[in-house]
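Down below is the structure, laid out as structure tokens.
The values are calculated or read from the model by the stated rules, or taken from the named source; none is laboratory data. Predicted model, so just to flag it, every value in this text is computed and none were measured. Heads up, the Cβs are rebuilt from the backbone with ideal geometry, glycines too, and the neighbour counts pull from every protein chain shown. Surface accessibility is based on the protein's heavy atoms, side chains included, excluding ligands, DNA and RNA. Shrake-Rupley method; radii C 1.70, N 1.55, O 1.52, S 1.80 Å.
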Protein chains: 2
Amino acid sequence: MKLQQIIRENHLALLFQQGCFGLEKESQRIGIKGNIVTTPHPAIFGNRSYHPYIQTDFAESQLELITPPNAKLEDTFRWLSAIHEVVLRSLPEDEYIFPLSMPAGLPPEELIQEAQLDNPEDVKYREHLSANYGKYKQMVSGIHYNFQLSVEFVEKAFALQTEYQDLKTFQNALYMKLTNNFLRYQWILLYLLAATPTVESQYFYGKSPLAEGQLVRSLRSSPYGYVNSPDVVVNHDSLESYVESLEAQVEKGLLIAEKEFYSNVRLRGGKKARDLLESGVKYAEFRLFDLNPFAPYGITLEDAKFIHYFLLGMLWLEETSGQKEVEIGKQTLYHVALEDPRTETAFRAEGETILTQILVMLNELNASEEMKALVREKLSQFADPRKTLNGRLIKAIEQFGSYKSLGAKLAQDYKAQAFERFYALSAFDNMELSTQALFFDLIQQGINVQLLDENDQFLALQFGNHLEYVKNGNMTSHDQYISPLIMENKVVTKKVLAKAGFNVPKSVEFTTIEQAVAHYPLFEGKAVVIKPKSTNYGLGITIFQQAVKNREDFAKAIEIAFREDKEVMVEDYLIGTEYRFFVLGDETLAVLLRVPANVIGDGIHSVKELVEMKNTDPLRGDGSRTPLKKIALGEIEQLQLKEQGLTVDSIPEKDQVVQLRANSNISTGGDSIDMTDQMHESYKQLAVGIAHAMGAKVCGVDLIIQDLTQPAQPNLDSWGVIEANFNPMMMMHIFPYQGKSRRLTKAIINMLFPEIRS
Amino acid sequence: MKLQQIIRENHLALLFQQGCFGLEKESQRIGIKGNIVTTPHPAIFGNRSYHPYIQTDFAESQLELITPPNAKLEDTFRWLSAIHEVVLRSLPEDEYIFPLSMPAGLPPEELIQEAQLDNPEDVKYREHLSANYGKYKQMVSGIHYNFQLSVEFVEKAFALQTEYQDLKTFQNALYMKLTNNFLRYQWILLYLLAATPTVESQYFYGKSPLAEGQLVRSLRSSPYGYVNSPDVVVNHDSLESYVESLEAQVEKGLLIAEKEFYSNVRLRGGKKARDLLESGVKYAEFRLFDLNPFAPYGITLEDAKFIHYFLLGMLWLEETSGQKEVEIGKQTLYHVALEDPRTETAFRAEGETILTQILVMLNELNASEEMKALVREKLSQFADPRKTLNGRLIKAIEQFGSYKSLGAKLAQDYKAQAFERFYALSAFDNMELSTQALFFDLIQQGINVQLLDENDQFLALQFGNHLEYVKNGNMTSHDQYISPLIMENKVVTKKVLAKAGFNVPKSVEFTTIEQAVAHYPLFEGKAVVIKPKSTNYGLGITIFQQAVKNREDFAKAIEIAFREDKEVMVEDYLIGTEYRFFVLGDETLAVLLRVPANVIGDGIHSVKELVEMKNTDPLRGDGSRTPLKKIALGEIEQLQLKEQGLTVDSIPEKDQVVQLRANSNISTGGDSIDMTDQMHESYKQLAVGIAHAMGAKVCGVDLIIQDLTQPAQPNLDSWGVIEANFNPMMMMHIFPYQGKSRRLTKAIINMLFPEIRS
């Protein structure tokens, strides 16, 4: 296979560097001191019979976190981060994730529960493993790295070669080359990335094969780790021999199933090995990697990129000769695994040769400087074992006294980190907070998510064959096309609601200033609001709270409104307090009161200090990356203070409420206060009725209410509807300044997938 | 009742001038010569058991066209125009609407069919009328004018008076005053607006009570018209006496039903007169008016406004004394009706006094100058009978030899006028053509329409209790909220369609110029389209139809695309012809080919002349008020000509196709060609599947097809989907340049109201 030549002569370098990447990361749940817990897999993570992201490996305590495949490693890492944040924030308060591969604080064997999966076969298989290997050996964790070559690259390269007759055979040959070369040179990755130099004596049931204080490069990849009996031999000369010899091992009873073959490369493409011959290899799974405890999620992006180019290198190299070389590779791996990690490896020369060849490849591929620097850095580690991951780890273990203490400390740090911006998914912070909250719940419940367009907040959700699309957190197939169009138009909204019998402030529309002013007699002596027909954000609105008393004031307000729109409405002004009702289907799920930006005096601090104190709330920030906005002290706020006879330096009395704004928008520092339980039921039913009248399923209804404790009356003195909003905000209900949180995103999921009740 | 004082002292003048107005207009269907037809009521007008706009009065031939009530008379007239345009365009080719009240060309009595309504009671009642009055007398037509006082005015005036204890009694008193004063002074309107000076002798079965050549002011309102027997007397002293005496007439058998009481004022508010006492008078119906043959739809807006202020005058005047004055009014009416219309009326002084009082009222109300001029003009007609409607009419009849000939000529003119812009509803031309087409069909089929917001193309439709909203012709409750959001985003659309297995050109998105150019090797040698992610109208698009061959061209195209958007797509270019598929539900209803602006030579005319000739097509205009756009001869077109070696003065050979544009948009003069019947069924099914994949009910799917006669193959060489459009245009299918019209608006109605199958 003249792959180098084909790539070189046909400008395929870019395609060759493309591919698809997925990660699977195992780890143990532990208590605060680092001991593995014996609690069941948390029920909050839904059902493992379908969960695509959060699974258990061997034991109930052993989480397996799985990213979907992505064309960019960066995206795979964003998923890894998101899944971790979901898990860490959902675990019981006293549980953590152990960041090292070798287990610590192992419970008595009888207390270790095999993963209690729905399928009895799966449980039985784990019981077989317990019996054959002992439970402790199964408690080791690692990272599996899934890699698929660019399909387009394989197709193009196939079209340009003459050796193979069909695409499938060519593709299988590529993956066999990748597999065999990897198995031959995998020891290099082990030398650089191994992180299991030691283990508690309990792991060996007190009979450690290691000398007192002996350190190794990787217990996990050594013969003392998670390996098959030496009797198990699978032949790698060809895909055919691979499949046949693997089947033979199972037939002979050396393996209970094909999946018990613990090779560091698994070829993927079907349920059984034989399927690979039928439909071809789809991708390969590399299982060599120890958890990196210094990476919060077990592996760094740099190392993942390095592994990618190492894999490309295995394809780029001249072919090796099959099973013979694979055996050499395995023996080399075992040897390196048991070397003292503080010493140079016996195979340094070979390692340096291979990495140098990869550097040459990077030049030929015109790869990024960043990538070349990364390989050079790894190359340099052959001369200095202290620079390897093991080097750093051993130092840290010394410092903490044991890898268990080190692991416990890091686990606590990582959990704390995951709570820093508890209302967000850090890696997807480019999306709106409400979409992040929904995404969080979807990962937690195990619904497949595809990010169709992050800039547009567009998700595709799938559960079994049931497909749903969501935009901006709550725009879905469950709402009608016409409903938001009705709500977008204030005039139409009022007509529709009035027709359905709801209390709507009467209004008259005008298209010219002259026409509006000529109708002044209709409004004289009335409390009215004058506003542009379709602009938002309060622009151009004038309120005559008492009554409009002279034509000049009226004309001025009309003129201001016409600056914002071609049509202007003069509307009855309602007296009372405005509340936002979040309606979903037949229920009002949340009621919110928005209060203008304010601080409450304590007799000690100045207004300025009180604002600073209030702004330390982690919920407050820029208002788009946070649920609430910091209170400003700009011109408008100072004017507001002045009206109360105050300045920013005044020290308000204890319990004195200082208003800093007239408007109640959250976006100008207002407070959000949950009032769901305080609100009289009658208004909640009204809000539902209003949503129904517009055919809306998800709707934010704004009502002005005179007294929320009294039942609604059928007249405008009791209540009135101001407007209805499609795609209503959810974050202010989920993370209110005061009162109970209402996790509306879960209600959205229940609406979309009623078949999964969480 | 001190109404003048209340209005004056409380600034109620504006409210007093408000109200609600509806018109009902009867007229006979005739043949080209003016003879009344004996064909049944056209089935295209749907079912008269519910039709709100198009009914029949006494006979099958006698149309009754009904506007809904409107707060502005102008709007009532827009409806009257629209209903007429619908009727005139829907009538059989050889039928017209007779514009005069008195019937002409009456068929033998036995051939006149009473209106065949679903309810046997209704037919029976008409048979009773035939027996009692003779069929001919029932064939007279007129206009009924419905007027409701502003509800707010009545409420305010009630609150300010002390005479009446409850609102209902006060309101009833207002309407009784209006009724009685109207009946007292109605002769004034008769003098000014009557238009039935003569009738064919056949109407009197050859025994005319009139002298040879005698003309009268109004046969219709005279004792020879459509009046009750003199025995029928209903007492107007109070609403109570009115109801009781009316009931007594029916009990005595003088009337078969209350509705047989042919007063020129009917009080409305319930099924039976007695309901008025229960629930109060809601509005009054004034039945005095002859058809004005010079107004295409039977009455002019000016006269309707004059009647409004005349009615206000009847309220403004001091009270009259009930039944006694009503009797005087009736006798005066009969007298004036039989006066010679060419002479002054005997009651001139009284008429001038009343109109002068109305002029005083107009001043007090601060009414418009236009209105005052109108009343002054009417006032002047007392001195000069030739200026009355009758005056003009008599002259015209003389000119045409008979009122039948005059009527036939005007009927033809009015029908031709209604076809002038046959794709529009003239009075609602401010709305989009597609909304006008839908509105047309709704009026025709008899579905209630409310114009919620004309600027926003927002309609509310109601059939029985079934309510639907429509925006822009086809945005309804039948589509899901998420579907247009998917279609709005090209990237999401492609992902959704690719996932569902449709042939989608592959594309790669970029967010920076550098990034895109760095990926040039992926596209080298391929036919690609480079386009901004979300802009429209073809801006920023570059097509490499053959293949992109050098990096500089590619970079230039990328840069151009980035001028229009922050994200740019590089997409496979598909070879074939683009067709638009209009999908509704499970069916492709129309397929359209759009051809760039062009003319075809005849060997005689120059390009300029050919363009002028093609532009005379009534479908061509500005492209928004017409289905097609006129071809321009601007810079772009001249450049296009130059490429073909032509100028605007060149004379192309016979059948030579001259391209005037490269793009096929209708908005730049392109032709629309219906291809529905030519298109292979397999593509129609694909379009349906594509709409379904996005959850869309109404969808415009753009496919590129290699050969429309060959079945679709599952690869991009055969076909590919370019994009899908929500709210797809309908006019280009309804009025194509070439090929069959597809009345899509009817399909929309069938979708919304499956219970009515037309």
Lysine pair number, Cα distance threshold 17 Å (strictly under), the range B:506-572, separation 8 or more or different chains: 10
Label point 7 Å beyond Cα along the C-beta direction, distances from A:Pro711 to other copies (nm, shortest first): 6.8
Per-copy distances of the A:Ala518 label point, shortest first, in nm (7 angstrom along Cα→Cβ): 6.5
The protein assembly as shown, Cα convex hull volume normalised per residue, Å³: 237 Å³
Space enclosed by the convex hull of the alpha-carbon atoms of the range B:225-276, per residue, Å³: 80 Å³
Fraction of accessible area attributable to carbon and sulfur, the protein assembly as shown (%, probe 1.4 Å): 51 percent
Stretchable slack from B:Ala416 to B:Lys566, in nm (0.36 nm times residue separation minus alpha-carbon distance): 48.7 nm
For chain B, calculated [θ]222 nm from helices alone, where every DSSP H run of n ≥ 4 adds -39500 (n - 2.57): -11500 deg cm²/dmol
Alpha-carbon centroid distance for the pair the range B:579-624 / the range A:704-758, whole angstrom: 52 Å
Nearest beta-carbon to the A/B symmetry axis - residue in chain A, distance in Å: A:Tyr481, 3
Inter-site label distance for A:Ile32 and B:Asp553 at 7 Å from Cα along Cβ, in nm: 7.0 nm
Separation between Cα centres of the range B:1-49 and the range A:390-456, rounded to whole Å: 72 Å
For the range B:432-480, the spread of Cα positions along each principal axis, largest first, Å: 27, 26, 16
Cα-based convex hull volume of the range A:506-572 per residue, rounded to whole Å³: 69 Å³
J(HN,Hα) series, the range B:5-21, from Karplus relation 6.51 cos²θ - 1.76 cosθ + 1.60, nearest Hz, glycine and proline x: 5, 4, 5, 4, 7, 10, 6, 9, 4, 5, 5, 4, 7, 7, x, 9, 10
FRET efficiency estimate (nearest 0.05) - Cβ-Cβ, B:Ser667 to B:Ala527, R0 25 angstrom: 0.40
B:Lys252-B:Glu200 FRET efficiency (beta carbon distance; Förster radius 41 Å; 0.05 resolution): 0.70
Long-range HN-HN contacts of B:Phe289 with modeled amide H, under 5 Å: B:Ile143
Compactness of the range B:1-92 - radius of gyration and Dmax, Cα, Å: 18.8, 58
Label spacing, shortest first and in nm, from A:Glu370 to its equivalents in the remaining copies (7 angstrom along Cα→Cβ): 6.9
Rounded accessible area per residue of the protein assembly as shown, 1.4 Å, Å²: 40 Å²
The range B:157-187 and the range B:301-354: distance between their alpha carbon centers, rounded to Å: 19 Å
Aspartates and glutamates with Cα under 15 Å of A:Lys415, excluding same-chain neighbours fewer than 8 positions away: A:Glu85, A:Glu93, A:Asp94, A:Glu95
Under the Karplus curve 6.51 cos²θ - 1.76 cosθ + 1.60, θ = phi - 60°, whole-Hz ³J(HN,Hα) for the range A:72-87, x wherever Gly or Pro sits: 10, 4, 4, 5, 4, 6, 5, 5, 4, 5, 4, 4, 5, 4, 4, 5
Taking chain A and dividing mean pair separation by its residue count, relative contact order in percent (alpha carbons under 8 Å, at least six apart): 12 percent
Interface size B-A, as summed buried accessible area [1.4 Å probe, Å², nearest 100]: 3800 Å²
P(r), alpha carbons of chain A - 10 Å bins starting at zero, rounded %: 2, 12, 19, 20, 15, 11, 10, 7, 3, 1, 0
Sequence-distant residues sharing a close amide H with B:Thr56 (under 5 Å, placed H): B:Glu64
Positive minus negative residues near A:Leu389 (Lys, Arg vs Asp, Glu; Cβ under 12 Å): +3
Pairs of alpha carbons in the range A:577-653 whose separation is greater than 16 Å (percent): 62 percent
Per-residue average of Cβ from other chains inside 10 Å of B:482-494: 5
At R0 = 45 Å, FRET efficiency that the Cβ-Cβ distance of B:Asp429 and B:Gln357 yields, to 0.05: 0.70
Under-5 Å amide H pairs with B:Ser61, H placed in peptide plane, nonlocal only: B:Gln113
Under Karplus coefficients 6.51, -1.76 and 1.60, residue-wise ³J(HN,Hα) of the range A:159-165 in Hz, glycine/proline x: 4, 9, 10, 10, 5, 9, 8
